[in-house]
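The values are calculated or read from the model by the stated rules, or taken from the named source; none is laboratory data. Keep in mind it's a predicted model, so treat the numbers as computed, not measured. A quick note on method: Cβ atoms are made from the backbone with ideal geometry, for glycine too, and the neighbour counts reach across all protein chains shown.
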Amino acid sequence: MKSVVLKEGFGIDKLTLTHAPSPKLASGMILVKMKAVSLNYVDLLLVKGQLNPTIRPPFIPVSDGAGIVEEVGSDIKDFKPGDHVATTYIPQWIDGRYTAQNSRFETRPGSGTTPGQLVEYKLFRTNELIKVPEFLNFAESCTLPIAALTAWNALAYGKAKAGDTILLHGTGGVSIFALQFAKALGARVIITSSDDNKLTKARELGADCLINYKQTPEWISDVLTMTDSEGADVVVETVGGSNLNKSLEALRLDGHISVVGFLDGVQSPINLIALNLKRAKVNGLSVGSRQDFADMLKAISVNKLKPVIDKIFPLDQTAEAFSYLESARHFGKIVIEF
């Protein structure tokens, strides 16, 4: 079988297509023929050696994947051959609170010490998979575990509802999923980007207000104007760094900021006076539980939401796919098909 590994150190140029024997089914395991994976920013950090520099090559990267069940162990009841499945990113977090025990970083595929999904055949435990609706193809299904679930919880934790105004930054995977979920809720969406073409695409998906932050560096005023000076009810903060303070300024009283990204940096100064006077709620997110995933899939099925895929690469162009991700030219998700 084929797989892509970091073979000799870190770097996009170190991604190597290799061949190895297919795994053999074992008790308590499920054999999946992987069909597609999607790329997240966390995957790029891993490949560049910035996320987990302690991993030892050869290492199979990429956290999110989807495929079809080939075989199941005799003791497996929840899955059967032919099931369409996606992977889970925090497999031990089934439901309830996020704890030190159920969220251990080393268990996260393609990020900790557990190999990722860039492989044609892989063995999984039941908690590492979830069935996905068959109206979604494999390329669409593989985009769900991190980006979609992060967007889903960013809105859920903010208690977003019909009539609310949601502020989104950029047009990557999380923001575009949040746009789709927000519109399905009946919310109004303000979205920012430096690319007018991307903003046009966002409008086609239902975005109500578009802001080019390069052309309008004082975009906070625009948000306040668009909301009758009240500000956004929920902000999905994908940028981090200095942008978090700007999101706070654009937030309404008692509003909610879901912090999900750090493209502008991991350190962020906060105006504590504004934080207190606005009674703002700032929530850090780490994707979600398996139950959250199941709840999201119900909403996707009811609304027949289709993930937005910018570009699909073949397995032997994995390095090109990562370079495209690094360029930030994409709108929505980047996928690698097998």
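Tell me, please, whether a residue that is assigned by TED's automatic domain parsing to the domain that holds residue 206 and in a helix (DSSP H, G or I) can be found in the range 161-174.
Of the range 161-174, the ones assigned by TED's automatic domain parsing to the domain that holds residue 206 are 161-174.
Cutting the leftovers down to in a helix (DSSP H, G or I) gives us 173-174.
Checked against the condition, which is being assigned by TED's automatic domain parsing to the domain that holds residue 206 and in a helix (DSSP H, G or I), the range 161-174 yields at least one hit.
What about residue 48, is it within 22 Å of residue 26 (Cβ to Cβ), without any contact (Cβ under 8 Å) to a residue 40 or more places away in the chain, of a type in the set (D, E, K, R) and surrounded by fewer than 21 Cβ atoms within 10 Å (Cβ to Cβ)? Quick ask: steps written out before the conclusion?
Values: within 22 Å of residue 26 (Cβ to Cβ): no; without any contact (Cβ under 8 Å) to a residue 40 or more places away in the chain: yes; of a type in the set (D, E, K, R): yes; surrounded by fewer than 21 Cβ atoms within 10 Å (Cβ to Cβ): yes.
In short, no.
Considering only residues of the range 308-338 that are among the aromatic types (Phe, Trp, Tyr), touching a helix residue (DSSP H, G or I) at 6+ places or on another chain (Cβ under 8 Å) and outside any strand (DSSP E or B), which is modelled with the lowest pLDDT?
Taking the range 308-338 as the starting set, the residues that turn out to be among the aromatic types (Phe, Trp, Tyr) are 313, 322, 324, 331, 338.
Checking the rest, the ones that are also touching a helix residue (DSSP H, G or I) at 6+ places or on another chain (Cβ under 8 Å) come to 313, 322, 331, 338.
Remaining after also requiring outside any strand (DSSP E or B): 322, 331, 338.
On the way: 322: 98, 331: 97, 338: 94.
So, considering only residues that are among the aromatic types (Phe, Trp, Tyr), touching a helix residue (DSSP H, G or I) at 6+ places or on another chain (Cβ under 8 Å) and outside any strand (DSSP E or B), the one modelled with the lowest pLDDT is 338.
Working only within the range 200-251, note down all residues that are assigned to a helix (DSSP H, G or I), under 20 Å from the mean Cα position of the chain (by Cα) and aliphatic (A, V, I, L, M).
In the first step, residues of the range 200-251 are kept if they are assigned to a helix (DSSP H, G or I); the result is 200-204, 219-226, 243-249.
Those still in the list that are under 20 Å from the mean Cα position of the chain (by Cα) too: 201-202, 243-244.
Result: 202, 244.
Hey, residue 162 hits all of (1) small (Gly, Ala, Ser); (2) surrounded by fewer than 24 Cβ atoms within 10 Å (Cβ to Cβ); (3) within 9 Å of the chain's Cα centre (by Cα) but one; which does it fall short on?
(3)
I need the full set of residues from the range 95-113 which are on the phi < 0 side of the Ramachandran plot, surrounded by 16 or more Cβ atoms within 10 Å (Cβ to Cβ) and touching a helix residue (DSSP H, G or I) at 6+ places or on another chain (Cβ under 8 Å), in order please.
Hits for the range 95-113 are 109, 111, 112.
Take the conditions assigned to a loop (DSSP other than H, G, I, E, B) and touching a strand residue (DSSP E or B) at 6+ places or on another chain (Cβ under 6 Å) and apply them to residue 92. Does it pass? Let's see the steps before the verdict.
Details: assigned to a loop (DSSP other than H, G, I, E, B): yes; touching a strand residue (DSSP E or B) at 6+ places or on another chain (Cβ under 6 Å): no.
The answer is no for residue 92.
Can you pull out every residue in the range 204-229 that is among the acidic types (Asp, Glu), within 19 Å of residue 177 (Cβ to Cβ) and in contact with a strand residue (DSSP E or B) (Cβ under 6 Å, 6 or more places away or on another chain)? Give the derivation first.
Filtering the range 204-229 down to residues among the acidic types (Asp, Glu) leaves 204, 208, 218, 222, 228.
In the following step, the residues that additionally are within 19 Å of residue 177 (Cβ to Cβ) were identified as 204, 208.
Listed by number, the list holds a single entry, 208.
If you take the residues of the range 3-24 that are surrounded by 15 or more Cβ atoms within 10 Å (Cβ to Cβ) and of a type in the set (A, V, I, L, M), which of them is farthest from the chain's Cα centre (by Cα)?
Among those that are surrounded by 15 or more Cβ atoms within 10 Å (Cβ to Cβ) and of a type in the set (A, V, I, L, M), it is 17.
Would you check which residues across the range 85-104 are of a type outside the set (A, V, I, L, M) and more than 28 Å from residue 313 (Cα to Cα) and list them? Break it down into steps so the answer makes sense when it comes.
At the first step, the residues of the range 85-104 found to be of a type outside the set (A, V, I, L, M) are 87-89, 91-93, 95-99, 101-104.
Matches in the range 85-104: 92, 93, 95, 96, 97, 98, 99, 101, 102, 103, 104.
Determine which member of the set 128, 70 is closer than 18 Å to residue 26 by Cβ, among the charged types (D, E, K, R) and buried (at least 18 other Cβ atoms within 10 Å of the Cβ). Walk me through it before giving the result.
Numbers: 70 fails: buried (at least 18 other Cβ atoms within 10 Å of the Cβ).
After ruling out the rest, the residue left standing is 128.
Filter the range 165-203 for residues that are among the charged types (D, E, K, R) and closer than 24 Å to residue 298 by Cα; which is surrounded by the most Cβ atoms within 10 Å (Cβ to Cβ)? Working first, answer last.
Here is the first cut: in the range 165-203, the residues among the charged types (D, E, K, R) are 183, 188, 195-196, 198, 201, 203.
Subset that is closer than 24 Å to residue 298 by Cα: 183, 188.
Details: 183: 18, 188: 20.
Top of the filtered list is 188.
Would you call residue 201 out of contact with any Asp or Glu (no Cβ under 7 Å at 6 or more places or on another chain) and basic (Lys, Arg)? Walk me through how you get there before you give the answer.
Values: out of contact with any Asp or Glu (no Cβ under 7 Å at 6 or more places or on another chain): yes; basic (Lys, Arg): yes.
Taking the combined requirement at face value, the residue satisfies it.
Return the pairs, sorted by first residue and then second, in which the second residue is among the aromatic types (Phe, Trp, Tyr) and not in a helix (DSSP H, G or I), the first residue lies in the range 297-320 and is surrounded by fewer than 18 Cβ atoms within 10 Å (Cβ to Cβ), the beta carbons are less than 8 Å apart, and the residues are 6+ apart or on different chains.
That search, which allows pairs on different chains as well, returns 301/135; 304/135; 320/313.
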